[in-house]
Amino acid sequence: MNSAVWKGGSDCWVWLGDKEGSFRVSSVKRSLVNNIDYSNNYVMRWSKWVPTKCNIHGWRAEMNRIPTKDVLEKRNIPVLNKSCVLCDSSIESTDHIYTGCTVAAVVWEHISRWCKVPPIFGFSVRDLLELHKVNYIGANKKEVFHGIIIIACWTIWKARNEKVFEGKDVKIEEIIADIKSFGYFWFKHRSKGKSIDWSNWCKFSFM
Ligand SMILES: [Zn+2]
């Protein structure tokens with residue numbers, strides 16, 4: 001709303017899909033046919049081989065709609081300790097958990113070596129969800145890499161919840177092992193990569 005300037009007069013609806021601003025069925029049809037989105041909303045690319053629960057988590061995390069401690073506090077839910085459950089050195093927020101946390105840093109460092117890509121840095125969940133678009137990832141690996149990023153976000157959140165609700169210690173090696181094993185199981189059984197074996201999966205090698 002900060003960028004909005006009131007120029008007087010009364011409010012009126014404007015249809016962005018037409019030059020004159022008036023709604024027409026023909027302009028709706030044109031935007032559907034040409035796959036045009038006139039909103040400013042970010043549209044996350046969902047990974048087809050990754051379970052819906054992981055895609056939904058990534059989608060919600062990008063919108064800052066997961067119940068981190070800072071979000072709970074904004075909704076007047078009492079939070080006794082605001083520290084990140086994973087590292088205990090910063091206030092828990094979505095961006096911190098996935099980009100600023102030392103636990104996430106180790107996970108991304110491992111994934112960058114595993115997938116043979118330059119070190120992964122991001123300032124937001126959206127940055128992570130856009131990583132697969134860079135040119136240094138081959139076309140046949142983009143979909144796999146994108147799915148791994150989504151699984152990694154879900155697995156980090158799962159470890160966080162197991163600590164909060166079950167008191168289970170956070171072990172980075174277990175998070176990494178889960179990302180690899182869940183990823184292998186889902187890729188093998190939910191995609192066309194049925195012939196891949198564990199050895200090639202661990203080398204991020206696809207024929
Ligand atoms: Zn942290």
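The values are calculated or read from the model by the stated rules, or taken from the named source; none is laboratory data. Please read all numbers here as calculations on a predicted model, not as lab measurements. As a convention, Cβ positions derive from the backbone with ideal geometry for all residues, glycine included, and neighbour counts pool all protein chains shown. SASA here: full protein model, heavy atoms, side chains in, ligands and nucleic acids out. Shrake-Rupley method; radii C 1.70, N 1.55, O 1.52, S 1.80 Å.
If you roll a 1.4 Å probe over segment 52-203 with all protein chains in place, what percent of the accessible area is carbon or sulfur? Kindly include the intermediate steps, with their values, before the conclusion.
Details: 4500 of 8040 Å².
It is 56 percent, rounded to a whole number.
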Could you list which residues have their amide H under 5 Å from that of residue 193, counting only those 5 or more apart in sequence or on another chain, with H placed in the peptide plane? none
Could you work out the relative contact order of the chain? I mean the mean sequence separation of Cα pairs under 8 Å and 6+ apart, divided by the number of residues, in percent. 19 percent
Cα to Cα, under 17 Å, and not fewer than 8 places away if on the same chain: which aspartates and glutamates meet these conditions relative to residue 194? 143
Considering only 108, 150, 138, whose Cα is most displaced toward the positive end of the charge dipole of segment 52-203, charges sitting on Cβ of Lys, Arg (+1) and Asp, Glu (-1)? 138
About the Cα centre, and with charges only on the beta carbon of Lys, Arg (+1) and Asp, Glu (-1), how big is the dipole of the chain? Nearest 20 debye, please. 780 debye
Mean residue ellipticity at 222 nm from the helices of the chain, using -39,500 (n - 2.57) per DSSP H segment of n ≥ 4 over the full residue count, to the nearest 500 deg cm²/dmol? -14500 deg cm²/dmol
In square nanometres and to one decimal, what's the mean projected area of the convex hull around the Cα atoms of segment 52-203? 9.1 nm²
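Accessible area per residue for the chain in Å², computed with a 1.4 Å probe and the full protein assembly in place, what is it?
Details: 13150 Å² over 207 residues.
Dividing the accessible area of the chain by its residue count gives 64 Å².
Which of 74/158; 158/180; 69/163; 53/116 have a Cα-Cα distance over 20 Å?
Numbers: 74/158 22 Å; 158/180 15 Å; 69/163 14 Å; 53/116 27 Å.
Table pairs above 20 Å Cα-Cα are 74/158; 53/116.
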